[in-house]
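Worksheet for the structure shown next.
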């Protein structure tokens, strides 16, 4: 194969030959002309021309000989340098390989052969067989060696991507470089031993400090139901927590009564994650009173933070999240955000209304100092959402502020829920212009606007999320477990999962603030319907406070008979609900699942919730799930009798809700795939109980 140097030598020889030929032709032509003119001394002129031509030929031959000698000398130098460079690369203490586009090794140095641990030559062996480095990953992470591309990489200040691979018991960082030769692409890869560095990294990672807040969360509530001293059980729980901290080799301090802070290393945290924080079960085994009610703890943990102060703050917010979700669980803040463990014990409702009085005073102050107030519930509102909005609106009117309730009346579900209870309410002067659309609500936003969100704590499911995103001063009143953190901190965050409904919470606030007789009959009836729908006519999730709230509303003129008529369904609802009864299965002995292809209207969502309610009345069924597709979204309604936390199950599918009532929307999936995902979530819950 001819090289560049061979081509250059041939070109030089051709040029010399042409010089000789042209010179000879010119001298011959000149001599012919002289002879034709019969000039004197023709022979002398011929000798001179011949001498000149001979000199030209000698000079060209000498020049060619010198060029050839220089070329040979240069070639010898190149061969010597190439041999020396090859010897250097072979003997250097860094493993090198050259692979083709398919990842086959075509060259390697001695060190690479040694670390590979293979006795046979590596030529033709795939690089993936040695270090699990795929050829496409090699090409993706390689840096091109052409001058233009190297300069671009340097000027752009980009770092080359490297890969970490295992060879035997060592770790290597691989950096690859793309080369082109004879029209083909090759990859030169350098392997740097980072075994020691990786060991140091793992040691630092294992010794990362972790801060945990541990709080006994239900002792006060349990003490209301038993006549024995709760301190003995509290001391037993403290001893269990101390034993746990010793297992973690942790620093533990009690910073308040029944509240502890624990600091330990991350490697111990990984052990806790593996056993799913069995400390929760250990504490739960401590019983109080003749009814053997379990004691529970809430734990907030974090290993993420710029410094120790930030680490402690993140652990505190994680604890707040665990408590707002109902307690008896661990909220772990790490690289993947918040992860929850536990939460399988149903909340015990508090008898005291002290917190309601404190929240009521704060809310009155906020309303009185706001320029205007917007009230909003979740999308596709039910009676609980609408009733809570109405109750908050009456509280605003009591403060002398004219509120606006955001409800999109053009939605089909709106007419099903609000339309049934609005006829008498809209006859009142105070409610003729109080309901507005989301577009009108956007126009009312000012710097001193207060937004009160009821029956929801996730901005994504609000009637109009953009309104919440544009108001910095807002309040949340909800009874659902918190599923995600808020980007902005609310002025008041009143979330109580032990409450039966949002209407129950709002009723307690009104009872603390309003004079007797302030609520109208229509307002009381709408709020009573909200409690009735979420408690299935006082048969589920009820406590002393639930009946106390209903009693207050009844005293203010609420009529349960009229409220019950709001739930009457038309024939289309009845027909949609009947479709669920034709396809029911019992899964894992205690879980009822029903599906319907529905009609594609909003009626199917209501029918699904009613079907789930009805399945819960079947003997030995602890939880029920109803699935129906609406506009390419699978809607799931879930119900429980208290033995199963359906909220935890649907959280795995991106849903949420309450211990006994939950829902989820799965977009872009067919019914079969959604059913498989639901069954997997149920299996995960039941297998880890």
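The values are calculated or read from the model by the stated rules, or taken from the named source; none is laboratory data. Quantities reported herein were computed from a predicted structural model and do not represent experimental measurements. Quick reminder, even Gly has a Cβ in these numbers, built from the backbone with ideal geometry, and neighbours come from all protein chains shown.
Assorted remarks:
- Between 662, 681, the distinction of being under 23 Å from residue 583 (Cβ atoms), in contact with a helix residue (DSSP H, G or I) (Cβ under 7 Å, 6 or more places away or on another chain), modelled with pLDDT of 85 or more and not in a helix (DSSP H, G or I) belongs to 662 only.
- Of the criteria (1) within 30 Å of residue 267 (Cα to Cα); (2) surrounded by fewer than 23 Cβ atoms within 10 Å (Cβ to Cβ); (3) in contact with a helix residue (DSSP H, G or I) (Cβ under 9 Å, 6 or more places away or on another chain); (4) at pLDDT 90 or above, which one residue 401 fails: (1)
- With respect to being surrounded by fewer than 17 Cβ atoms within 10 Å (Cβ to Cβ) and over 30 Å from residue 457 (Cα atoms), residue 220 falls outside the description.
- Scanning segment 90-110 for residues that are more than 26 Å from residue 136 (Cβ to Cβ) and either surrounded by 10 or more Cβ atoms within 10 Å (Cβ to Cβ) or modelled with pLDDT of 85 or more (or both) returns 90, 91, 92, 110.
- Candidates 475, 506, filtered to the one that is in a strand (DSSP E or B) and buried (at least 22 other Cβ atoms within 10 Å of the Cβ): 475
- Residues that are closer than 26 Å to residue 520 by Cβ and either in a strand (DSSP E or B) or touching a helix residue (DSSP H, G or I) at 6+ places or on another chain (Cβ under 7 Å) (or both), drawn from segment 430-448: 430, 431, 434, 435, 436, 441
- Looking across segment 266-286, just one residue is assigned to a loop (DSSP other than H, G, I, E, B), in contact with a strand residue (DSSP E or B) (Cβ under 6 Å, 6 or more places away or on another chain) and surrounded by 15 or more Cβ atoms within 10 Å (Cβ to Cβ), and that is 277.
- Residue within segment 237-244 that is closer than 21 Å to residue 302 by Cβ, within 34 Å of the chain's Cα centre (by Cα) and modelled with pLDDT of 90 or more present: yes
- Residue within segment 243-259 that is in contact with a strand residue (DSSP E or B) (Cβ under 9 Å, 6 or more places away or on another chain), touching a residue at least 24 places away in the same chain (Cβ under 8 Å), part of a helix (DSSP H, G or I) and surrounded by 17 or more Cβ atoms within 10 Å (Cβ to Cβ) present: yes
- Any hit, segment 505-519, residues being assigned by TED's automatic domain parsing to the domain that holds residue 383 and more than 18 Å from residue 392 (Cβ to Cβ): yes
- Of all residues in segment 454-472, those satisfying the criterion of being in a loop (DSSP other than H, G, I, E, B) and either touching a strand residue (DSSP E or B) at 6+ places or on another chain (Cβ under 7 Å) or over 18 Å from residue 437 (Cβ atoms) (or both) are 455, 456, 457, 458, 463, 464, 471, 472.
- Flag if residue 262 is in the same structural domain as residue 330 (by TED's automatic domain parsing), closer than 22 Å to residue 340 by Cα and over 32 Å from the mean Cα position of the chain (by Cα): no
Residue-by-condition table, conditions (1) under 30 Å from residue 599 (Cβ atoms); (2) more than 39 Å from the chain's Cα centre (by Cα); (3) at pLDDT 90 or above:
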| site | (1), (2), (3) |
| --- | --- |
| 478 | no, no, yes |
| 487 | no, no, no |
| 492 | no, no, yes |
| 505 | no, no, yes |
| 552 | no, yes, yes |
| 562 | yes, yes, no |
| 566 | yes, yes, no |
| 569 | yes, yes, no |
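- Restricting 526, 544 to those that are within 19 Å of residue 391 (Cβ to Cβ), in contact (Cβ under 8 Å) with a residue 40 or more places away in the chain and under 41 Å from the mean Cα position of the chain (by Cα) reduces the list to 526.
- Taken over segment 163-182, the criterion of being surrounded by fewer than 16 Cβ atoms within 10 Å (Cβ to Cβ) and over 31 Å from the mean Cα position of the chain (by Cα) is satisfied by 168, 169, 170, 179, 180, 181, 182.
- Of note, residue 590 satisfies the criterion of being more than 30 Å from the chain's Cα centre (by Cα) and closer than 25 Å to residue 326 by Cα.
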